[in-house]
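> One structure coming up, written as structure tokens, with questions to follow.
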């Protein structure tokens, strides 16, 4: 397991965290009325939705979404850790644009693949990948995600986790980067996808 470097907490981040915790506690009675058997998760989702207003869980598979929500609910209520989603599902056109932009930025397809995959290979397009924040949330997920079949899959992306329930509780082999392959001849060296 790779240890993520600690970042000193900024006052603003600590303030947002405290406000989010207070909001979740205040929202518990309303959540209990709405969903008695799952009030803690609902209050957590509401509070985190206010803390991370731009996040969107739509498009994740039903199982990936449920696993992510369960993990961050436990992180929140058991350990006081906030986990936000910066990117989940992407449609093929968005992924294609990200990949093309990276090809232009890096100058080659093989270099781009170290950071972004084309849509036909992307787990974001499949709805099982989640990019999370902050670093502390990713650290919690790296340590505890196995309980939810959520695993960090790339050494060079501390934020990228995937829902992999095929072998419950067993982490898939972590790759150095998204485009890593044991068969380099499968990766083209310089053409663009435009």
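The values are calculated or read from the model by the stated rules, or taken from the named source; none is laboratory data. From a predicted model like this one, the values you see are computed outputs, not experimental measurements. As a convention, Cβ positions derive from the backbone with ideal geometry for all residues, glycine included, and neighbour counts pool all protein chains shown.
> Residue 34 passes all but one of (1) crowded, with 19+ Cβ neighbours inside 10 Å; (2) modelled with pLDDT of 95 or more; (3) in contact with a helix residue (DSSP H, G or I) (Cβ under 9 Å, 6 or more places away or on another chain); which number fails?
Residue 34 satisfies every listed condition except (1).
> Any residue at all in the stretch 163-180 that is more than 28 Å from residue 81 (Cα to Cα), at pLDDT below 95 and surrounded by fewer than 16 Cβ atoms within 10 Å (Cβ to Cβ)?
Taking the stretch 163-180 first, the residues more than 28 Å from residue 81 (Cα to Cα) are 179-180.
Subset that is at pLDDT below 95: 179-180.
Then drop every residue that is not surrounded by fewer than 16 Cβ atoms within 10 Å (Cβ to Cβ), which leaves 180.
Within the stretch 163-180, one or more residues are more than 28 Å from residue 81 (Cα to Cα), at pLDDT below 95 and surrounded by fewer than 16 Cβ atoms within 10 Å (Cβ to Cβ).
> Another question, if that's okay. Quick one: residue 69 ticks every box in (1) closer than 25 Å to residue 171 by Cβ; (2) outside the structural domain of residue 116 (by TED's automatic domain parsing) except a single one, so which number is it?
Going through (1) closer than 25 Å to residue 171 by Cβ; (2) outside the structural domain of residue 116 (by TED's automatic domain parsing) one by one, residue 69 breaks only (2).
> Do we find a residue being within 14 Å of residue 137 (Cβ to Cβ), in the same structural domain as residue 133 (by TED's automatic domain parsing) and out of contact with any helix residue (DSSP H, G or I) (no Cβ under 7 Å at 6 or more places or on another chain) anywhere in the stretch 105-120? Please lay out each step first, then the result.
Restricting attention to the stretch 105-120, the residues satisfying the condition of being within 14 Å of residue 137 (Cβ to Cβ) are none.
No - not one qualifying residue is present in the stretch 105-120.
> Please work out which one of (1) in a helix (DSSP H, G or I); (2) in contact with a helix residue (DSSP H, G or I) (Cβ under 9 Å, 6 or more places away or on another chain); (3) more than 27 Å from residue 27 (Cβ to Cβ) is the condition residue 97 fails and give its number.
(2)
> Pairs only if they're at least six apart or on different chains, beta carbon under 7 angstrom, first in the stretch 140-153 and surrounded by fewer than 16 Cβ atoms within 10 Å (Cβ to Cβ), second assigned to a helix (DSSP H, G or I); list them, first residue then second.
Short answer, once both residue conditions are applied: none.
> Another question, if that's okay. Among the residues in the stretch 77-90, are any buried (at least 19 other Cβ atoms within 10 Å of the Cβ), within 14 Å of the chain's Cα centre (by Cα) and at positive phi?
No: zero hits.
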